[in-house]
Structures are given as C-alpha cells and as structure tokens.
Number of protein chains: 2
Amino acid sequence: MRARSFFISTLKEAPADADVVSQQYMIRAGMIKKLAAGVYTYMPMGLRVIRKIEGIIREEMNRAGAVELLMPIVQPAELWMETGRWEKYGPELLRIKDRHDRDFVIQPTSEEVVTDVARQEIKSWRQLPVNFWHIQTKFRDERRPRFGVMRGREFTMKDAYSFDRDEAGAGVSYQKMYDAYQRIFSRIGLLFRAVRADTGAIGGSRSHEFQVIANAGEDVIAYCPDSDYAANIELAEAQSVLGGRGEAKETLEKRATPGQEKCELVSEYLGIDFLKCIKSVVLAADRTNEKGEPLPAKIVLVLLRADHELNEVKAGHIPELKDGFRFATDEEILAAFGSKPGYLGPIGAREDVAIYADLTAADMTDFCCGANEEGYHYTGANFGRDLPEPVKMDLRNVVEGDASPDGKGTLKLQRGIEVGHVFFLGTRYSEPMQATFLDENGKPQPIQMGCYGIGVTRVAGAAIEQCHDDKGIIWPESIAPFEVVICPMNYSKSEEVKKTADALYESLKAEGVDVILDDRDMRPGVMFADWELIGVPHRIVIGDRGLKNGEVEYADRRNLAEKTMVKTEEAVAFVKSRLKKFAA
Amino acid sequence: MRARSFFISTLKEAPADADVVSQQYMIRAGMIKKLAAGVYTYMPMGLRVIRKIEGIIREEMNRAGAVELLMPIVQPAELWMETGRWEKYGPELLRIKDRHDRDFVIQPTSEEVVTDVARQEIKSWRQLPVNFWHIQTKFRDERRPRFGVMRGREFTMKDAYSFDRDEAGAGVSYQKMYDAYQRIFSRIGLLFRAVRADTGAIGGSRSHEFQVIANAGEDVIAYCPDSDYAANIELAEAQSVLGGRGEAKETLEKRATPGQEKCELVSEYLGIDFLKCIKSVVLAADRTNEKGEPLPAKIVLVLLRADHELNEVKAGHIPELKDGFRFATDEEILAAFGSKPGYLGPIGAREDVAIYADLTAADMTDFCCGANEEGYHYTGANFGRDLPEPVKMDLRNVVEGDASPDGKGTLKLQRGIEVGHVFFLGTRYSEPMQATFLDENGKPQPIQMGCYGIGVTRVAGAAIEQCHDDKGIIWPESIAPFEVVICPMNYSKSEEVKKTADALYESLKAEGVDVILDDRDMRPGVMFADWELIGVPHRIVIGDRGLKNGEVEYADRRNLAEKTMVKTEEAVAFVKSRLKKFAA
C-alpha cells in the first residue's frame, strides 16, 4: 500500500471523553471515529487490524473443525421468549418493532437462533457433533458505554456453538474450543491467561475466560505463579486463612462504641486487633406470594472478617439469594436488627434472618461485632457459645497471599480484559427450545450445547492496553495494520531516495510482507510521529545521507532508540529476518 | 473440504412460500434458512457463495483505488434528519429507540454516515478524490418481502461513496466505479447489462443500473442489439412513432358509445382504427396551503395513444407532479371532467386541468377520445383546431420495435435483476450536511459525491435465476460453493476407491482447487442429486468399474449427459484444464 492511495488521518489530541489509552490512541491514530455513544466507524487503518484478528480466528476455527455460517442481526422476539431471555435480559437487549408492529431484537448473541437452526437441522446422532460459528455484528445497549471499542454498544463478536450427544462429547467440544482459543491468542501475540470463570446469566456449569493482562482491565484475576491455577476473582476459591478455629479465651462483653460505625474505628477505639473484628453485610432478596404480590424481603446476614470483601457472585450461591439479591435498605435493617447500620451483628438479630459466615469469619474466636444497638459492640464473642454456629460458605474475594486452591503455593492478583469466553451450556437452551436428536435406539434426547465467544473488536482495544508507550501503539506483528513502514526522506525531491524506496517497497510486497510506503512527502518528525502513534512494528528510513554509504536505517517500534544501518541490497532479507511470520 | 467435516443438508421439497426458483433452490440446497419474513440465516453452503462474491468485489474495489472502512449498522437519527431522509424515507426505514429513548435507525444505506465522516476528515482539496466503501449488513423493512434473498429485509450490500472537488472529478470517479462494476460482474461470470436508470428518491442526476438478465427479473430493460444503448424501461426514451403530425382530414364528431369504456371497445364499436384512439389517464397531486391545511388536489390529464402505457417515472417529471402524485379518484374525475371514467378526454375539461400529451399522442390527427359525457366519444379530433395544442412530453414506456434513441436501430426488451447501481449524487448530501473542503484559494466548496452499491446477497439469487435447470443450480465457477466435487462410490468399502479419491482430493487441494470430497457414503443416486441441486460446476466420479481401466469419470454440471473417462494419473491436469481460473 502507498500512503497516498490509503487514508491516513491522525490527531494531536484525543477528545476529552476518551477514557482509556486504547480509545485515545485509536481515535488519534485515525482507526476509529465515534458516531454515537458506544458506536464507532472503523476507519481504514482500524479495519485492517480487525480483519487481521478475524483472519486468525477464522483459520483456527476452521482448523478446529467448526463450520462457519452467518446468522441474522435482526431476530424475532418469539425465539427469545421461548428461552425466557426476552423477559430476563433487561434493557441491554435492544428491542424493535417492525412496520407490522412485530417484536424483534438486535442480537447481543445468537444462542436462540443457532438452537433454532439445530432443532430444524439435526435429526440423528449421526449428525453430531457439530460446531456452528459466525463473525457478526452485535449490539448491547449498555447503560454507560465506555472504554472505546472495549465496552461499546455495537461491536463485532465471533460466536461459536457446539452440539453434542452427551456431556462427555460436549466436554471434548469444549476442550477443542479451549485449545483453539489458546492458539488464537498465542498467535495474536498477547500475554493472556485462561481463567476459570463464573457462568453468569447465560447459564451452564463450566466456563473459562480468556483474559488479556493489562492494568486497565475491568476484571481481577487470581493466579498461582507456582501452578497453572488461574481464576476470575469472582470465582477464585478462598479458604479460611485461619485453617481452623482455636479455643475461646475471652468472655462476651458489651462495650460502648459511640459514633464508631466501621471496623477500623471500633478496633482503634477499643484497642483491639482489627483482624479480630467481624463485618456484617446485610443482603435482601425480594419475594412475592403466589398471586405475585410483594412480600417483605428475605433478609440475609453475611459475616466477613474485617479485612475481607464480599464476593457478590459467591453470595449469589446462598440458597435464599439464588434468584437475585440486593443490599438491604436502612429501613429493612432497622426492622431486622433493631439498630441502624454500623452496629450490626449476629447476636440478637430477628429470628428469621438467615446468617452465613465466610470460612475465615467462621474460624474466628473472641471476635468483636456489632451489638445491634446504636453505640455498642460486643467483644470476646464466640460461635457456639454466645450465638449459634453459623452456616459456613466461601463468600469473600481472595486476596494476594491466600493459599492457592490447588495447594501449590499462594495467589497473586492481576488485572485483565476479558476477550474470550468458553461455556458449557448443557441443555440450558436445547431443553426449552426442544432441540433434540434421535439416539441409536431412536429415542429423542436433548442436545448438549456449548458456546464460545471472542470480542473481535475488543481484542484490538485490549492489545493496545497491553502494548503501548507514550508515543502510541505498539502492535503485535500479527494484527498490526501494516507490518513494515518505509519512510523516505524527500521522496519527491531525491531521485535516489525515491528509486530505493520504490524498489524496496516492491521487493517486500513481492515477498508477501504487508508494507506501506509513506509517499506523502511530510517532514520527518511529523511522519515518524504518525507511524509511532499508529504503531507499525518495523520501520525503514531511507535518506540521502544513508544512501551515500549504500545503507538504510531499520528500527523496531518496541525500541526506537536502537537504530540499525542495513546495506540497501540486504534490506529485504534483514526485514524478513525481523518478522516473526517468516521464522521457521 | 470433506463433506463429513462440513454441513450438508438438502431437502426434496421447497417450502410452499418460496416464490421464485432461486429461493426454492437455495432452501432445498441448504444454503439459506428462513428466520423471519425476509430474514435468512446463511448456512455454511450458502455462506461460501456470499464470501466468494465479496472476495471478487473486494479485489476490484481495491484495484479501483477505493478505501475500505466499516460504518455501523445502528445510526443516530440526527444525521438522517439533517438530510431530510428521516421524514422522507417512509416505513422501509427501521427506526429504533435506545434505552435512553434516543432515536436510531438500522441503516438501509450509509450516505449520511459517510458524509459525516467526510465533513470531519476532509479539509483540503489535497485530500480529494477519495472513495470510501464497505460491505455491511443492511435492513429495509419491506412491506412484503419476497423472492428470497433478492428482496429480503436484512441483506448484505457493498456500498461505496466517492468524494471529489468538482463535477469533472466526480465524473472520473463515477467512470472508475462503472468500470470496476463491469469487471466485477464479468468476473462473476453472469450475463448482464449496464443500463441507464432513473435516479429515484436518492437524488442526483446520473445513474446506471447493472442488471443480470433473467426472466424472473422485476425490471424491464430496453436495449438496442445494434448499438450499446441499454436503459431501464423507467428511463428509456420513447420517441414519437409517427415522426411528426400529418394533416387533419376529418371533422370533429360526437358519437354515442353506450357502455364502451375502453379504447378497444370503442374502436370496435365505432369501427375505427385502434391506433387512432387516445387514452386519457388522470393523475392528482395533493396540495396544502401555507398553514399545511389540505387544498383540492391538482388534476393532470395525460394523453397516450391507445396501445401505449403510462411511464410513472416520466410522469413524475411533469412540473405539477414533481413532489409526488397518485391516480385521481372517481370523485375528483367527476368534478374535473363532468363524467365518470371511460368517457374522458381533453375537450371540455375543467380549465384548471393541466393537459400533457405523450410525443406520439401529440402527433396524432383525426383521433378518437372521450367526450367527457357518459356514453359519448369524439372522433376526428385534432389538436390546434378542436382543442388547444397540448404540452408535449415523453410519458410512455418504450415497446419492442421503437426506434433506439441513439438512432442506430430498434429496441428490444428483456427482463433483468438489478444487482448494482452507480449514482452521481452531486451535492445532494454534502450541501445539507455542510461537507465542504477548502479549494486552492482557501474558499470552502461543497464536495461532489457519488454512490455505488452492489447487493451482495442478491447477486447469489440473480445468478441462480440466470443459471439453473430442473435438477438445481448451475453456479458460475467463480462463486460456486466448491469448484469441484469428488463422488467416490463405496468410499468406505472399496480400498481402491478410497485411496484414489483421497489422493485426487489432496492433489487438487495442493493445486489450489476448491474441492469437496463426498465421504458421506451415500447411494450414488442420492449423492448425485445432492450435488446437482447444490450446483457444483465440475464432478469427478470414482468407482471400481472405472478404476479397473485406471479411469475416473468427469462431468460438467452444465452438461451432465456428456461424461468423459479420464486416466487417473491425468485427472488433476484434466480438472485444471476445465477450470476457468487456470486459463491463461
């Protein structure tokens, strides 16, 4: 490509509403252009990146034996009603009425449509397994779109759906996709982790997220440097840091703690160890009677050691909360505990309050907790003596230094950006939609499904979050808009420069290098700044000074300070030697 | 590809609502699957065709110097309001409200968004010309979707938009796209015509349609076999078939024609030449006063020779009708002419009725027309003597045998399917949206635009309409889902057959042939029927009988009766010799 035949448009400043580096650089580099909140045009420079990501995904999906099709963006509501997602999905599902007033959605994902295809197409066990996939535009009407292409509303997703006879088969299909994802992100060249993850609203029972490591990530990953354990913090198992309960030594004492409404303050005020304090978190699950009329909410008290934090995903596994929960209101708290927040505890709560203690809290002795009376806390409290034994559950987030659940060391935390997700769905969709096949005995069986997504456009943003410096983007070679840029000095004025640049350009192109020749005739500083911002990984500068010695200058975007002079006639071989794709 | 690793699903019968051959075959061949009215999933077999069409388009767009980007599907209403299309587009424009109650549309086309990109990006004449294009999903909420993928609601379109400094430059850009379209449809291998076309609601002043010739086409094309003249019948210029007006010989006479309400009946009843009769067509344009309150409609009388038909596009050029028109109601007719329909004519109409005569009608002498009195017609009527000279305009459809407007012969008619369209837009979008550039003198000038569309998914349907027989589809090689199918007999039972088939498959793949090996082990009749329906252009059958002589059997889908036995070791070379893509 020659720059003049392409469209390059860079900006000195990012718009004020660009809230992360990737968004700022993509806008400044002329890769995306905002059309509406969370809706972007991919400009020519940005589209090249997206197409390269899609290309790698396509190759690996095909290699894994998945079959590409293309499902529509506009989907009839009836299918979404069959699975109950029409009601459950909430306002992120963009609903439309067509001219005949029929309900449709713009797909945020395609489980319903692909299951509809399967129930029509798959009749016999002989047709299984099969994995249908597509790359298609998705829309999720985020309340607050942000982070550029990473949490936009319109985006491109690769979604695949596997269909199997039984759970064992589905496990094989799952593993194939897991392996394909490992290859995809390895080929893209990003530092990533496959982490165990919560299955969330989509249902199913087994799930991994593929997280690109980046400080700007929204997710926190717990991993063990001494093993291959890695999990989203939502899921990472937290054990008791006490490893069992000691003996009670103190006696229960009610002490005045006027105005001390937080564990930090109480421990300081009373002069007791912060780690001897228990934090009370009050949750509420709304209920209705058989007629659908509201009943008072079920109140659940969660006990955590003062330094630990509630894990809301784990709290969702509390039986009373499994259909959804919220934090209790001050009014509900007063009714259930007889005190305002800040002085709450498990002793003397209303009888119908369900009490759950995190594993560490449950191992505590002689602890301090609220006395359910404004201005008072208990000290020296002990389970089984001063109050009943609580129900024990893992309810907190892991912290750095926690034991790894596999027993092989301690956990560390890092932030990540979720770019891929593999799910085992089981019959979550096939049962309500009656997608069955006839087994060897001619009996109908529900199809076992899995679903596998990659946020194509999000990968571009995540790559930038991981790979950039203060000059701009540093693309991994595999998804860079161009692999090599040739920057000629005085292209239109120096015959020699022009001849050398044109010849090198043609030779590299002939070798299959994705090269751009900057024939825009700009001042060197401006030209270099453009390409450093755009992030092309390899740069060749051609100028009269170097050509006097028969040389051109090579620099790697990752280390621009180190420049290498290369004999003009060796330039093609040299560039190829620097390109990963030519490595044996 | 091996058939077992792919997904093949054929049907014996098409669903009852499939109304054209292409739709029936695409459904039966497992290429598309209906999700909702006018909304289809492209199954794996169909998607391969679409991707090949897209590939050819992409190569030729790049060759023509156009730059690919990707504009969003969901577009904010504000832009559509700027150009007035929010109001004008009608119910085909699918309008949506997001969760914040803001108005959006699902794009039926991208003029607004691309002009918005241009007005932000293009500052100087130095950046022009440029041509931005994308392949993207479109949605048009057709009242009655039909003809499968040819008039669906959700479809894939390639749309390109050129930006130039002046009309001369825009003409060059237009020609480049015209030439690219010629190459695209030639490469696809379809019989097509580039025809002059009406510019319709999209605006602009110069336009060609690319029509694939097929009997099932919705459009009628007038062309001259002796020259390169070709135009959509909507636009094809009709001259006077009389070539001037003769002398009046008869006198005006009012004659009773009781119950004779059509020219055919009147001419028979009165015993006069049918071609001496004039047909009166009454049109009405609704009007409002300055406050927007309805006024009585403006009534226009169009006079046509009895054998000619009104061309509504041309009627739209009548000054009184340029903002839209309809046929007049019986009530309006009675008020304007004093008679019910069937006896209308230009003599004695209400004074405010505007009268326009088609060029042939205007050349008529001694003609017969309604007397504006029930049961009566005039004969021997003459313009200028019995009534004022009418305003003359080309208002009729051409018919076979009409003189070609270029004077080089006579016209023929054939039906076509519009698959591409090139438009010169001028400043239709750039002016209301204030997309300007600074010229050499630093003065802002509106950008001159063109737009260029290809209905990607429609091309697939049109190709089938043109190329099929009673067994199924006959794909042009360039867009066939596979170029070659290998059909082994007893693949799993005959060692020799399997060995030969596998080897030939691998060899053809290595040569870059897009080949599928049918390893499904089906009965020959069923297997052949599948591939004849699917329409793969070249077939190799491998069976024990042929292998005894060291031979395999080749057949061309276009002529299955003619089978050629080929030595096994020559099979690769033979197949390559039959593939157009290997032709020098």
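Between the Cα long axis of helix A:44-63 and the first principal axis of chain A there is an angle of about 70°, rounded to the nearest 10.
Put a dot 7 Å past the Cα of B:THR288, heading toward its Cβ, do the same for A:ALA510, and the two dots end up 6.8 nm apart. Summary of packing: across the peptides B:272-283, A:437-448, the per-residue average of other C-beta atoms within 10 Å ranks them, highest first, as B:272-283, A:437-448. Only one residue of B:VAL67, B:TYR491, B:THR457 has its Cα farthest out toward the positive end of the dipole of chain B, where Lys and Arg carry +1 and Asp and Glu -1 on Cβ, and that residue is B:TYR491. Other protein chain C-beta atoms within 10 Å of residue C-beta, averaged over A:71-81: 5. Averaging Cα coordinates gives a centre for the stretch B:408-435 and one for the stretch A:75-128; these two points are 38 Å apart.
Applying the criteria of a DSSP loop state and at most 11 other Cβ atoms within 10 Å to the GluC sites (Glu not before Pro) of the stretch A:216-302 yields A:GLU247, A:GLU290. Over all pairs of different C-alpha atoms in the protein assembly as shown, the reciprocal of the mean inverse distance, the Kirkwood hydrodynamic radius, equals 35.3 Å. On a per residue basis, chain B carries 42 Å² of accessible surface, using protein heavy atoms and a 1.4 Å probe. Considering all C-alpha pairs of the stretch B:253-393, those separated by over 27 Å amount to 17%. With a Förster radius of 30 Å applied to the C-beta separation of A:SER124 and A:GLU82, the computed FRET efficiency comes to 0.85.
Take the cross-link list A:LYS581/B:LYS509; A:LYS88/A:LYS279; B:LYS509/B:LYS581; A:LYS262/A:LYS340; A:LYS158/B:LYS138 and give me the ones stretching past 21 Å between alpha-carbons. Pairs exceeding 21 Å: A:LYS581/B:LYS509; A:LYS88/A:LYS279.
Between chain B and chain A, the total buried accessible area stands at approximately 4600 Å², from heavy atoms with a 1.4 Å probe. The aspartates and glutamates whose alpha-carbon is closer than 15 Å to the alpha-carbon of A:LYS298, local same-chain residues fewer than 8 away aside, are A:ASP286, A:GLU320, A:ASP323, A:ASP330, A:GLU331, A:GLU332, A:GLU351, A:ASP352.
The HN-Hα couplings worked out from phi for the stretch A:339-355 by the Karplus form 6.51 cos²θ - 1.76 cosθ + 1.60 (θ = phi - 60°) are 9, 7, x, x, 10, 8, x, x, 8, x, 6, 4, 4, 7, 6, 7, 10 Hz, whole numbers, x standing for Gly and Pro. Peptide B:103-114 is shielded by partner chain Cβ atoms: per residue, an average of 2 of them sit within 10 Å of its Cβ.
The orientation-averaged shadow of the Cα convex hull for the stretch B:417-513, equal to a quarter of the hull surface, comes to 12.1 nm². Across peptide B:23-34, the average count of Cβ atoms from other chains found within 10 Å of a residue's Cβ is 1.
For chain A, the relative contact order works out to 17 percent when only alpha carbon pairs closer than 8 Å and six or more residues apart are counted.
Find how many whole Å separate the alpha carbon centroid of the stretch B:308-364 from the alpha carbon centroid of the stretch B:25-71. Each part reduced to its Cα centre gives a spacing of 45 Å. Measuring label to label, 7 Å along Cα→Cβ, what does B:ASP273 give against each other copy in nm, shortest first? Going from nearest to farthest copy, the values are 11.9 nm.
Set the Cα radius of gyration of the stretch B:482-582 against 2.2 N^0.38 Å, with N its number of residues, and you get 0.96. Chain A residue nearest the axis that carries A onto B, by Cβ, with distance in whole Å, is A:ILE96, 2. For the stretch A:308-371, the set of trypsin sites (Lys or Arg not before Pro) satisfying both a DSSP loop assignment and a count of at most 15 other C-beta atoms within 10 Å is given as A:LYS322, A:ARG350. Remark: label point of A:ALA583 defined 7 Å out from Cα along the Cα-Cβ vector; separations to the same position in other copies 4.6 nm, ascending. Here B:ALA529 yields copy-to-copy label distances, from shortest upward, of 7.1 nm, the label point defined as 7 Å from Cα along Cα to C-beta. Sparsely packed loop sites in the stretch B:322-409 (the chymotrypsin sites (Phe, Trp or Tyr not before Pro) outside DSSP H, G, I, E and B with at most 16 other Cβ atoms within 10 Å) do not occur.
Counting every alpha-carbon pair across chain B, the share separated by more than 39 Å comes to 45%. A Förster radius of 60 Å combined with the Cβ-Cβ distance from A:ARG99 to A:GLU247 puts the calculated FRET efficiency at roughly 0.20. Apolar share of the accessible surface for the stretch A:482-582: 50 percent from carbon plus sulfur atoms, 1.4 Å probe. A straight chain from B:GLU92 to B:GLU13 at 0.36 nm per residue would run longer than the Cα-Cα distance by 25.3 nm.
The values are calculated or read from the model by the stated rules, or taken from the named source; none is laboratory data. Only a predicted model underlies this, so the values are computations on that prediction, with no experimental measurement involved. Counting neighbours? That spans all protein chains shown, and the Cβs are built from the backbone with ideal geometry, glycine included. Please note that ligands, DNA and RNA were not included when accessible areas were found on the heavy atoms of the full protein model with its side chains. Shrake-Rupley method; radii C 1.70, N 1.55, O 1.52, S 1.80 Å.
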